[in-house]
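The values are calculated or read from the model by the stated rules, or taken from the named source; none is laboratory data. Predicted, not measured: the structure shown is a model, and the values here were computed from it. Because the Cβ atoms are built from the backbone with ideal geometry, glycine has one as well, and the counts that use them run over all protein chains shown. Heads up: the accessible areas ignore ligands, DNA and RNA and are worked out on the full protein's heavy atoms, side chains in. Shrake-Rupley method; radii C 1.70, N 1.55, O 1.52, S 1.80 Å.
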Amino acid sequence: MTRQTFPILDNHVHLQPSGLNVEAIKTFEKAGGTHIILSNMPHKGVEITKGMDFLEEYEVTLGLAKKVNEQTGVTAHATVGPYPVTFLKLEQKYGLEHAEDSMRKGMEIAAEMVRSGRAIAIGEIGRPHFDVEPYLLEASNRILRYGMELARDVGCPVVLHMETATPEVCLELAKLADKVGLAREKVVKHYSPPLVDTELNHGIFPSVLASGKAITEALEQGNRFMMETDYLDDITRPGAVLGIKTVPKRTIKLFESGEMSEEDAFVIHKENPQRIYEICINP
Ligand SMILES: [Zn+2]
C-alpha cells in the first residue's frame, strides 16, 4: 500500500554547518518529508559588523540548501534576510544609525537574491520576540516596513519572526501590508499558533508550529496554512525546538486517522506553498 501520494513540506527549517545539516534532512526524508523551506539564520563564524556582511551569511544558507538538493531526495528552497535580533547586537556595538543602515542593506541584498532566483522570499525578518526599548521597536518596525516594500517590488513574500501572533498582531501586520501595497497573503507569519480562520489572521498567512494539538485545531478551522518545526540544527540544544521528523510524522498520523483528508494534505503541503512562494512542488 502506498500510503502517501502527497508531498510533505516543512515551511521553516534552519540548518547549520556545525549541526547535522544534510544528515538531519536524510532523517526528514526517511520519515516521509519531501520539501523544506530553509530559513536563513545567523551562522557561527560569520560576524555581522556592516550590511555587506549579510552577503556572506546568506551564502552559507544558500550553500546548505544546495547541499540538501545535491545529497538528498528532498527539495530545499531558501529564504534570506537580516535576522531581527542581529539588529540589537549591531545597535549595542555601533549605535542606532549604523545598525539600521546595515539592516536595510541586508534587506537589499536579500531582495537581490530573490530577484536573481537564488532565494524565494525575504525572511526571516521582523522584530525581536521579546520586549525591547520603544526606540528599538520603532526602528525594527521601520526596517520591517522597508523589507515589505522590497518584497512588493520584487513580488515575493516576507517570512516574519516576532512576538507571538494574536489576532491583534495579525491586524497590525495586515494594515502595514495594505499601506505598503504588499498582498496580505504574502506575509507569512512563522511560528504561528493555529490562527487559520481569516477572521483571526486578517489575511496574513499562518505557518503553524506542528506541536501537540495545534494542527488538529488548525484543521478544525480550514486548510489555509502551512506546517513547520523551526528546527534549529543546534546539537548543543537538543529538544529546544521540534525534531526534524515532526511535520512528516504528524501529517501521516493525521492522514491515517482521517483527521487530515488527502485534499487537505495536498492544499497544505502543495497548493499553499506553490501559491505563496510561486514555486512548483512535485511529490
Ligand atoms: Zn526561525
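Quick rundown of the values:
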quantity	calculated
Residue ID - nearest to G73 (Cα to Cα), chosen from residues in the stretch 5-25 that are within 15 Å of the ligand (Cβ to nearest atom) and more than 17 Å from the chain's Cα centre (by Cα)	A24
Selection status of G155, touching a helix residue (DSSP H, G or I) at 6+ places or on another chain (Cβ under 9 Å) and at positive phi	yes
Residue within the stretch 190-203 that is among the aromatic types (F, W, Y) and farther than 24 Å from N21 by Cβ present	no
Test: residue in the stretch 246-257 that is surrounded by fewer than 19 Cβ atoms within 10 Å (Cβ to Cβ) and acidic (D, E)	yes
Considering residues of the stretch 26-49 that are within 16 Å of the ligand (Cβ to nearest atom) and over 25 Å from S257 (Cα atoms) only, the residue most open to solvent (accessible area, probe 1.4 Å)	K44
Only one of A210, A240 that is surrounded by fewer than 18 Cβ atoms within 10 Å (Cβ to Cβ) and within 15 Å of the ligand (Cβ to nearest atom)	A240
Residue list for the stretch 258-283, filter: farther than 19 Å from H190 by Cα and open to solvent by 60 Å² or more (accessible area, probe 1.4 Å)	E259, E262, E263, C280, N282, P283
Spans of helices (runs of 4 or more DSSP H) in the stretch 75-193 with at least 3 residues open to solvent by 50 Å² or more (accessible area, probe 1.4 Å) and without any contact (Cβ under 8 Å) to a residue 24 or more places away in the chain	134-154, 167-180
Filtered residue count, the stretch 201-253, keeping only those that are touching a residue at least 12 places away in the same chain (Cβ under 8 Å), basic (K, R) and assigned to a loop (DSSP other than H, G, I, E, B)	2
Odd one out for E56 among (1) open to solvent by less than 10 Å² (accessible area, probe 1.4 Å); (2) in a helix (DSSP H, G or I)	(1)
Checking T75 against (1) more than 16 Å from the ligand (Cβ to nearest atom); (2) on the phi > 0 side of the Ramachandran plot, the condition it does not meet	(2)
Residues of the stretch 85-139 satisfying the condition of being in contact with an Asp or Glu (Cβ under 8 Å, 6 or more places away or on another chain) and on the phi > 0 side of the Ramachandran plot	none
Output for the stretch 60-73, where each listed residue is under 11 Å from R118 (Cα atoms) and open to solvent by 70 Å² or more (accessible area, probe 1.4 Å)	K66
